[in-house]
Amino acid sequence: MKKVLVLGASGNIAPNITPGLEKDYDLYLTDVVPHPSGKPIGTVDVTRYDEVLNASRGMDAIMNFTVIRNHPIQSFDVNTKGAYHVMKAAAEHGIKKVIHTGPQLVRSGYDHDFDVDDVPRMPGTGYYGITKYLSMEICKIYSQAYDIQTICFVFNGLGPKPTKPMEKRDFPPFTVVWEDLEHACRLALEIESVPDNFQDFNLLSYLAHGKYQVEKARRILGFEPLERVENYFKRSND
């Protein structure tokens, strides 16, 4: 099984998708806080290069789910410098696969439009968005300089899929459910290469708005939402 380092394994994302990946991949879960389900965790601070380098030794891939949003210092240290440490460690160890995540960075400029897929990211002036945009640029530069296949998934929201009909509300834009994110990560771990060694992909499960699309993810990764979850929001015939 591929050995995969998971950074940020106790955060908002990883605990919801790693259980489904554990049967096919040898996951090394790491974070600076305990796992919410009590799973064994290696202590790795992504802001410290020596810790990322040591944790990456012997790995086939790295999945980076670390993020800090609002702190004026830690957000840069985790989001931007942390991505730099991940890519530097991958280059030093010869690791050829990295999965990165971030916010979509397009809604502020394209919410009036439709069929938006592979367009230039627009981070705006928000500090969090800028830190994540810089992280993607770092990933791109390292990927092309050191032949590291790096896949970046971007989204506006994420969470569980509905389990019953939803009433008096619309389905959210640019939002991915856990099952689809897990599916996308599996595709990213298995694909041999992506164009230019780096690609960022829109990732969303609710497609019926017609505004934001996943055509590039379909074409390159073979991604398709596992279920048309917007059907939970259809009006009843009763």
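Since every read-out is calculated from the coordinates, none of them should be taken as a lab result. Nothing here was measured: the structure is a model prediction, and the numbers come from that model. We place every Cβ from the backbone using ideal geometry, glycine too, and count neighbours over all the protein chains shown.
Ranked highest first by average number of other Cβ atoms within 10 Å, how do 224-232, 101-109, 120-128, 51-59 line up?
101-109, 51-59, 224-232, 120-128
So if I place +1 on the C-beta of Lys and Arg and -1 on the C-beta of Asp and Glu, and nothing else carries charge, what would the dipole magnitude of the chain be about its Cα centre? I want it in debye, nearest 20.
It works out to roughly 320 debye.
Under the classification rounded if a/c is under 1.5, otherwise prolate if a/b is larger than b/c and oblate if not, where does the chain fall, given a ≥ b ≥ c as square roots of the Cα gyration tensor eigenvalues?
Taking the square roots of the gyration eigenvalues as a ≥ b ≥ c, the chain is prolate.
Where is the GNM fluctuation largest for the chain (alpha-carbon springs, 10 angstrom cutoff): 168, 140, 132?
Taking springs between Cα atoms under 10 Å, the residue moving most is 168.
Please give, to one decimal in nm, the separation of the simple spin-label points placed at residue 218 and residue 37, each 7 Å out from Cα toward the Cβ.
It is 3.2 nm.
What value, in deg cm²/dmol to 500, does the helix sum -39500 (n - 2.57) over DSSP H runs of n ≥ 4 give at 222 nm once divided by the residues of the chain?
-9000 deg cm²/dmol
Sort 72-82, 186-196 by the packing proxy (mean of other Cβ within 10 Å over each peptide's residues), most packed first.
Ranking the peptides 72-82, 186-196 by packing returns 72-82, 186-196.
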